Amino acid sequence: MGGKKRVQLVLEDVFIARATESMDKAIEFVGGLLVARGIVPPTYIGSMKRREEIASTYLGNGVALPHGTRESLEEIEGVGVVIAQYPDGLDWGGVGRAHLVIGLAAAGTEHVPLLSAIADAIQDEDQARMLWTCDDAAELLAKFSGVGCRDNEKLA
Amino acid sequence: MGSSLMGTNQLKKLVKKANLDIAVQHSPVGQLPPDVDVIVVHRSLSHQAKSAAPNAAVVPFTMFFNDPAVKQLVATLKAGEPVVSAL
């Protein structure tokens with residue numbers, strides 16, 4: 001994916017129904033996927049863990065958005081977003097219980113529209129809750145891509 | 001890159017929804033503009049923010065969505081009341 005093309009999630013980016021594990025393991029899982037895709041070097045995973053020590057990336061409503069520190073920006077090649085769903089949740093550094101862990105690596109700003117779509121999908125607690133347990137990766141994907149099948153998003 | 005950017009956008013939306021003519025911008029804590037009035041900052045970075053801009057009101061938050069401190073801030077701004085610094 002090159003140039004300024006809008007970043008879109010695909011099915012391969014979504015991992016549903018994962019068993020509860022530690023925050024570090026969850027970071028290693030999503031970070032490992034970013035590494036495997038050649039977007040970041042393995043050291044990025046350490047940077048993601050460090051970032052949690054500086055300031056938690058727990059967003060609220062059961063969602064965490066782990067990413068590297070500012071210093072890691074220059075080691076990122078392109079954009080990567082992967083979503084891991086934990087129906088039973090996991091303790092996110094004592095800040096909250098994460099049911100959706102969204103691993104991110106982005107050097108530029110082309111991922112910002114995607115972040116906005118994700119924000120729209122999770123800002124309502126009830127809607128976010130449905131995503132915690134939704135067992136259809138395609139549906140999850142649709143919600144996060146801003147093309148949700150439900151039309152009640154305007155209510156907010 | 002991620003969470004703080006999302007937090008900025010959420011606050012922008014809330015400010016716009018409240019019809020407030022207030023500029024909201026994203027800034028790393030080490031690069032705060034010296035003339036900033038209010039700093040909305042993650043709790044763990046709030047002391048750093050205060051020392052970077054001692055005259056600004058600091059509003060620490062824990063969560064990027066539905067944080068009570070941020071809701072309170074918008075209500076205060078809407079009422080035209082001064083923002084009280086938490087630090």
Single residue of A:Ala17, A:Ala55 found to be surrounded by fewer than 23 Cβ atoms within 10 Å (Cβ to Cβ), at pLDDT 95 or above, of a type in the set (A, V, I, L, M) and more than 13 Å from the chain's Cα centre (by Cα)
A:Ala17
The lone condition A:Ala64 fails out of (1) touching a strand residue (DSSP E or B) at 6+ places or on another chain (Cβ under 8 Å); (2) more than 9 Å from chain B (Cβ to nearest Cβ); (3) modelled with pLDDT of 95 or more is (2)
List the number of the failed condition for A:Leu73; all other conditions in (1) facing chain B (nearest Cβ under 10 Å); (2) buried (at least 21 other Cβ atoms within 10 Å of the Cβ) hold.
(2)
Meets criteria (within 13 Å of another protein chain (Cβ to nearest Cβ), buried (at least 20 other Cβ atoms within 10 Å of the Cβ), under 14 Å from the mean Cα position of the chain (by Cα) and of a type in the set (Val, Ile, Thr)) for A:Val95:
no
Within segment B:8-45, residues touching a residue at least 40 places away in the same chain (Cβ under 8 Å) and at the interface with chain A (Cβ under 10 Å from one of its Cβ atoms) come out as B:Gln10
Contact list please: Cβ distance under 6 Å, first residue in segment A:83-97 and in contact (Cβ under 8 Å) with a residue 24 or more places away in the chain, second residue of a type in the set (A, V, I, L, M, F, W, C) and in a strand (DSSP E or B), pairs at least six apart or on different chains.
A:Ile83/A:Val14; A:Ile83/A:Ile102; A:Ala84/A:Phe15; A:Ala84/A:Val101; A:Gln85/A:Leu100; A:Leu90/A:Ala98; A:Trp92/A:Ala64; A:Trp92/A:Ala98
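Results for (1) over 25 Å from A:Arg50 (Cβ atoms); (2) of a type outside the set (Val, Ile, Thr), shown as yes or no for each residue.
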site	(1), (2)
B:His26	no, yes
B:Gln31	no, yes
B:Asp35	yes, yes
B:Val38	yes, no
B:His47	no, yes
Checking the structure you have, find out if any residue of segment A:79-87 is surrounded by fewer than 19 Cβ atoms within 10 Å (Cβ to Cβ) and either farther than 14 Å from B:Met1 by Cα or out of contact with any Phe, Trp or Tyr (no Cβ under 9 Å at 6 or more places or on another chain) (or both).
yes
For segment A:102-124, pairs from a residue that is within 7 Å of another protein chain (Cβ to nearest Cβ) to a residue that is hydroxyl-bearing (Ser, Thr, Tyr), with Cβ under 9 Å and 6 or more apart or across chains, are A:Leu104/A:Thr57; A:Leu104/B:Ser3
Which of the residues spanning segment A:121-141 are within 17 Å of A:Ala64 (Cα to Cα), loosely packed, with under 14 Cβ neighbours inside 10 Å and out of contact with any strand residue (DSSP E or B) (no Cβ under 9 Å at 6 or more places or on another chain)?
A:Asp126
Do we have any residue at all in segment B:62-75 that's free of Cβ contacts under 8 Å to residues at least 40 places away in the same chain and at positive phi?
yes
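The values are calculated or read from the model by the stated rules, or taken from the named source; none is laboratory data. Computed from a predicted model, the values in this text were never measured in an experiment. Because the Cβ atoms are built from the backbone with ideal geometry, glycine has one as well, and the counts that use them run over all protein chains shown.
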